[in-house]
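> I'd like to ask you about the structure that follows.
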Amino acid sequence: MTIDVAGTTVTAADCNGFFTGSISLNVIGGTMPYSYAWTGPNGFVSTDEDLTGLEAGIYTVVVTDANGCEDTASFEIEEPEVLEIDVAGTTTTPADCNGSFTGSIDLAVTGGTMPYTYSWTGPNGFVSTDEDLTGLEAGTYTVVVTDANGCDDTASFEIIEPDPAVGVW
């Protein structure tokens with residue numbers, strides 16, 4: 001009896017920190033029925049053949065057939081890097097004059113699984129699906145960035161403007 005490592009399907013977790021990985025084990029030969037003894041991260045144990053709802057880490061299985069023959073294999077559930085809006089790396093440019101539409105936001109995003117989609121909202125009903133924004137009036141702009149696996153992160157940025165010019169008459 002052999003654990004068919006090449007025939008076993010291992011699926012990574014969708015998002016960093018999610019419990020969405022899986023292992024579909026393929027065992028060949030030996031005498032059925034088989035028994036399964038899995039161990040994994042954070043004290044994980046199971047006697048199921050196939051596993052779902054797994055966090056990232058190394059999972060080891062010992063398969064025993066009806067005659068007591070054993071085989072052992074280990075599989076790694078991977079996960080993408082954390083999807084993050086890099087607030088420190090994002091550049092905001094204030095509006096040039098009070099009431100002007102000259103502010104901008106150059107967004108920086110790291111991790112996750114590309115491609116990303118962007119959903120911006122802002123003052124006076126502003127919406128956009130662009131990564132970077134120009135021609136902005138003063139106010140708060142909020143973006144939700146979603147990666148190819150549906151992971152998301154949200155951040156808000158403030159576009160400021162100078163005070164109105166005050167003339168002395």
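The values are calculated or read from the model by the stated rules, or taken from the named source; none is laboratory data. This one's a predicted model, so the numbers in the text were calculated from it and none came from an experiment. Ideal geometry is used to build each Cβ from the backbone, glycine not excepted, and the neighbour counts take in all protein chains shown. In case anyone asks, the SASA skips ligands and DNA or RNA and just uses the protein heavy atoms, side chains included. Shrake-Rupley method; radii C 1.70, N 1.55, O 1.52, S 1.80 Å.
> For residue 46 and residue 127, calculate 0.36 nm times their separation in residues minus their Cα-Cα distance, and state this gained length in nm to one decimal.
Going from the current span to full extension adds 24.4 nm.
> Averaged over all directions, how much area does the convex hull of the C-alpha atoms of the chain cover when projected, in nm²?
Mean projected area for the chain: 13.1 nm², to one decimal.
> Could you provide, to the nearest whole Å², the per residue accessible area of the chain with probe 1.4 Å?
In whole numbers, the chain has 56 Å² accessible per residue.
> Considering only DSSP beta bridges whose two residues both sit in segment 1-153, what percent are antiparallel, to the nearest 5? It would help to have the intermediate numbers written out before the result.
Numbers: 38 of 38 bridges.
Among the beta bridges of segment 1-153, antiparallel pairing accounts for roughly 100 percent.
> Sticking with this structure for a sec: Report, as a whole number in µm² per second, the diffusion coefficient that Stokes-Einstein gives for segment 31-103 at 25 °C and 0.890 mPa s using the Kirkwood radius over alpha carbon pairs.
148 µm²/s
> Starting from the Cα-Cα distance between residue 62 and residue 144, subtract it from 0.36 nm times their residue separation and give me the gain in nm to one decimal.
25.2 nm
> Now, a different point. Roughly how far apart, in whole Å, are the Cα centres of segment 45-111 and segment 12-27?
When both Cα centres are located, 11 Å separates them.
> Assigning unit charges at the beta carbon (Lys, Arg +1; Asp, Glu -1) and nothing else, what dipole magnitude in debye, to the nearest 20, does the chain show about its Cα centre?
Dipole about the Cα centre, nearest 20: 180 debye.
> Starting from the Cα of residue 97, step 7 Å along the direction of its Cβ; do the same at residue 76; then give the gap between the two resulting points in nm.
So the two model labels end up 5.9 nm from each other.
> State the extension gain, in nm to one decimal, for the chain segment bounded by residue 152 and residue 22, taking 0.36 nm per residue of separation less the distance between their alpha-carbons.
Answer, rounded to one decimal: 44.7 nm.
> A further question follows. Explain nothing, just the number: relative contact order of segment 106-169, from Cα pairs under 8 Å at least 6 residues apart, as a whole percent.
Working: 95 pairs, mean separation 19.5, N = 64.
So the answer I get is 30 percent.
> Remind me, relative contact order of the chain in percent, using alpha carbon pairs under 8 angstrom and six or more residues apart?
18 percent
> Here is a further query. I'd like the carbon and sulfur percentage of the solvent accessible area for the chain, probe radius 1.4 Å, heavy atoms only, ligands and nucleic acids excluded.
Looking at the chain in its full context, I get 51 percent from C and S.
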